[in-house]
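Here, each number is a calculation from the coordinates, and none is a lab measurement. As the structure is a computational prediction, the values presented were derived from the model and not from experiment. All Cβ positions, glycine included, derive from the backbone under ideal geometry; neighbour counts span all protein chains shown.
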Amino acid sequence: MYEFSVLMGLTDYVPVALFAVSMVLMQRDLYNKMPKYAFACFAAGTINIFIAGFMMATWKLLYAAGLCDFHVLNTMFMPAQSLGFLLAGLGIILMFTPRKKTALSVAPPIFTGTLLFIPMMVLGLAAICSCLSILAAKLKKKALIVVFVLCFVCYMGMGYLASRDSSSAAMNWIEQGVNTVGQLLLLIGVSGLHRAGLRDYALS
């Protein structure tokens, strides 16, 4: 039994929307800097993350409204988001190594636990935040490095909170707060890179 409210379900869409805006901005700025296979990997990963968040928010809203407990939307969240972060992280790393040919074969076996997905998510997040910090340094916007570090901390905090009891309303509001702050930091950082001219910047 989960202590969800309709307001909580609707609020869960806010960080999903913030993430979507950040990723659209990043895809536009990085499109001409990535080899096609790297951009495809990055785009597929970010779309996966967005869909995972949207599914989770939709499950909460349906549950809170008393319409149904479409639990598959909840159970799909971890594998979909973890694979998304891994793909997005790999794609942005490949942006810095465009001359190397990389064969991608992502076919994870069926796995019922979450132990496999946690390292995927952490590695993907670390890659994304690290590479964005490198771009911030190259564009002489070192203050944005702090933003991306704090963003990573919020994501890790969100992961920790998700491992606790998620059935209580108080814990869910805390999770949503941390998630929203993390997505706001990501949007601030990505917007800062955009204003600094990332789209026109030539990677050396």
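Here are the numbers for the structure shown:
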item	result
In sequence order, calculated HN-Hα J values of the range 187-200 (Karplus, 6.51, -1.76, 1.60; Hz; x Gly/Pro)	5, 4, x, 5, 5, x, 5, 5, 5, 6, x, 4, 4, 9
Computed [θ] at 222 nm, helices only, for the chain once each DSSP H run of length n ≥ 4 contributes -39500 (n - 2.57)	-24000 deg cm²/dmol
Computed lengthening from V14 to K138, 0.36 nm per intervening residue step minus Cα-Cα distance	41.5 nm
Cα gyration tensor shape of the range 13-73, rounded if a/c is under 1.5, else prolate or oblate by comparing a/b with b/c	oblate
Footprinting exposure proxy for D200, D12, D69 (fewest neighbouring C-beta atoms within 10 Å first)	D200, D69, D12
Cα long-axis angle, helix 36-64 against the chain (0 to 90 degrees, to the nearest 10)	20 degrees
Angle in degrees between helix 13-30 and the longest Cα principal axis of the chain, rounded to the nearest 10	10 degrees
For V147, V21, V181, order by how many other beta-carbon atoms lie within 10 Å, fewest first	V21, V181, V147
Order of E175, E3 under a 10 Å beta carbon neighbour criterion, fewest first	E3, E175
Vicinal HN-Hα couplings computed from phi for the range 143-151 (Karplus, 6.51 cos²θ - 1.76 cosθ + 1.60; Hz; Gly/Pro x)	5, 5, 4, 4, 4, 5, 5, 5, 4
Kirkwood hydrodynamic radius of the chain, from inverse mean 1/r over distinct Cα pairs, in Å	17.5 Å
Choice from L187, L67, L144 with maximal GNM fluctuation in the chain (Cα, 10 Å cutoff)	L67
